[in-house]
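Report on the following structure.
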Amino acid sequence: MNSEQLTSNELRDDLQVVLVLQGGGSLGAYHLGVYEALAERNLHPDWVSGISIGAFTAAVLAGNAPERRVERLKEFWREVSWPGEWGNWLPPQWRRVANMASHATSLLLGQPHFFAPRWVSPQMAPPGTEDALSFYTTTPMRSTLKRLVDFEYLNKRATRLSLGAARLKDGELVFFDNTRERLGPEHVLASGSLPPAFPPTRVNGELYWDGGCVSNTPLNAIFEQRLEKRTLIFMIDLFDKSGPEPRNMDDVFWRAKSIQYASRTSHHLKNLARTHNLSQRLERERSVAQAFSGGPKHEPPPRTDIIHLVYRRDADQIADSDAEFSRWSIEERRQHGYRDMKRVLELAPWKATRGGDSGAEFFSSSGARPQDSDMLVHTAESGGAEIATALHL
């Protein structure tokens, strides 16, 4: 075992590691690289929460022993992509054309072991049947999940798993959790049943669509109950809310999609952190008042840090890159995830000392200094050299 692993093991003695995986279709290959970097440091998550493609990644992680996870994820991405590495040798201007051809192939033929087109239009199918509810069938993915995920191991709860899905009857975001119920392939499929491409999935008599219809980042699952120990949350965002002004229609489609998914995530994260921090400060004031009056002393909640890692696509990617499954693009995204998470782990902003004399660089709209029980959000962008730390109040 190397020195990095020893350091990580010492850190793990009182630390809960949580991995939160956003939806984003084929951009989810970024998750593979992220996990590879975490695994190298022996930072295997205690809890994984996922939506859409993030749910597929999360299921593979929770459904395999740590030593098998990286290879299983690599196998997953090999299986759901058409064979062919020729795009790796193309110059950038031709790589974009190749990506467009790859996306067109996906639309026409589907993706192996993932989804296949319905050869009869859903508009012509009998109403009320599954064929009438989507353009593709996800039956191949059910078989893939059964092959790559050990659901017996998953339900032994060595790693906690939470999967977000949107319940059709009332539009509520529901989290399936292996600490509350036994999970199977249908729960994973429900979280990735994105309309109108894919049909809704029935679980326990109810129909569900992709959780991204409500929220593309499954952070809510982590804060449904009080965290009982020091927690480090790695939140992986596959869409970037920031970007240049569009110059053509391809840029327009991509910026619209990014803003749709990423801006909701950003606002949600800030509001969640603000609510947490304000409630903890009120609790501290109450504890001081009770101590002054001789009442019982309240222990402060454990410290929580959120590492918000944001993927940024390369210039050769198209507006539909989240539905472009070429092996060269998948490998490119994997490499970016690995590079970006290695940089985050080297900087390790969660190790910074808190308090008025810490000297740590951070942003606070109120000018307040972070206290030990505050939740800090550390944001790192793909390819960037720095991490911005914020205290939301």
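The values are calculated or read from the model by the stated rules, or taken from the named source; none is laboratory data. Treat the numbers as computed from the prediction; the structure is a model and nothing was measured. No Cβ is skipped: glycine too gets one built from the backbone with ideal geometry, and neighbour counts run over all protein chains shown. Surface accessibility is based on the protein's heavy atoms, side chains included, excluding ligands, DNA and RNA. Shrake-Rupley method; radii C 1.70, N 1.55, O 1.52, S 1.80 Å.
Based on the Cβ-Cβ distance from Glu172 to Glu346, what FRET efficiency comes out when R0 is 45 Å, to the nearest 0.05? Display every interim value, and only then the final one.
Values: r = 40 Å, r/R0 = 0.89.
Result of the calculation: an efficiency of 0.65.
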**Request:** Specify the residue with the greatest mean-square fluctuation among Phe223, Phe198, Phe176, computed from a Gaussian network of the chain linking alpha-carbon atoms under 10 Å apart.
**Result:** Phe223
**Message:** If the elastic network links every pair of Cα atoms under 10 Å, which of Ala59, Ala348, Ala125 fluctuates the most in the Gaussian network model of the chain?
**Reply:** Ala125
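Given only helices, namely DSSP H runs of n ≥ 4 each adding -39500 (n - 2.57), what is the per-residue ellipticity at 222 nm of the chain, to the nearest 500 deg cm²/dmol? Numbers along the way, then the final one.
Working: 11 runs with 145 residues, N = 393.
After summing the helix terms and dividing by residue count, I get -11500 deg cm²/dmol.
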**Item:** Choice from Asp305, Asp322, Asp372 showing the highest fluctuation, given a GNM over the chain with Cα pairs closer than 10 Å
**Value:** Asp372
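Contact order normalised by length for the chain, with contacts defined as Cα pairs under 8 Å and 6 or more residues apart; what percent is it?
Details: 740 pairs, mean separation 88.9, N = 393.
Computed over the chain, the figure is 23 percent.
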**Summed side-chain charge close to Lys74 - residues other than Lys74 whose Cβ falls under 12 Å, Lys, Arg +1, Asp, Glu -1** = +1
**Item:** Farthest toward positive dipole pole in the chain [+1 Lys/Arg, -1 Asp/Glu at C-beta], among Phe76, Pro195, Gly171
**Value:** Gly171
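Taking 0.36 nm per residue of separation and subtracting the Cα-Cα distance, what length does fully extending Asp251 through Phe135 add?
Extending this stretch completely gives an extra 39.2 nm.
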**Item:** For the chain, size of Cβ-based charge dipole, Lys and Arg +1, Asp and Glu -1, in debye
**Value:** 380 debye
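Taking only protein heavy atoms and a 1.4 Å probe, what accessible area per residue, in Å², does the chain have with all protein chains in place? List each step's numbers first, then the result.
On the way: 17950 Å² over 393 residues.
That works out to 46 Å² for each residue.
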**Prompt:** To the nearest whole percent, what portion of all C-alpha pairs in the range 196-342 is separated by more than 28 angstrom?
**Reply:** 41 percent
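Taking all protein chains as present, what is the carbon and sulfur share of the accessible area of the chain, in % to the nearest whole number, probe 1.4 Å?
Values: 9820 of 17950 Å².
Taking all protein chains in place, the chain shows 55 percent carbon and sulfur surface.
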**Message:** Within 10 Å, at most 15 other Cβ atoms, and a DSSP state outside H, G, I, E, B define an exposed site. Report the longest part of the chain free of exposed GluC sites (Glu not before Pro).
**Reply:** 229-360
**Item:** Mean shadow area of the range 61-138 over all directions, Cα convex hull, nm²
**Value:** 7.7 nm²
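Looking at the chain only, what percent of DSSP beta bridges run antiparallel? Nearest 5 please.
Numbers: 19 of 51 bridges.
Expressed as a percentage, antiparallel bridges in the chain total about 35.
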**Fill in**
At the level of C-alpha centres, the distance separating the range 240-291 and the range 122-192, in angstrom, is 28 Å
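How large is the Kirkwood hydrodynamic radius of the range 121-163, in angstrom, based on all distinct alpha carbon pairs?
Working: mean 1/r = 0.0770 Å⁻¹.
Evaluated on the range 121-163, it is 13.0 Å.
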**Request:** Give me the Debye-computed log₁₀ of I(q)/I(0) at q = 0.11, 0.12 Å⁻¹ for the chain, equal point scatterers on Cα only, no solvent, two decimals.
**Result:** -0.81, -0.95
**Message:** For Leu161, what residues show an amide H to amide H distance below 5 Å, using hydrogens built from the backbone and excluding near sequence neighbours?
**Reply:** Val48, Asn178, Thr179
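Between Arg180 and Leu282, what length comes free when the chain is fully extended (0.36 nm per residue of separation minus the Cα-Cα distance, one decimal in nm)?
Values: separation 102, 0.36 × 102 = 36.72 nm, distance 3.14 nm.
The Arg180-Leu282 span can extend by a further 33.6 nm.
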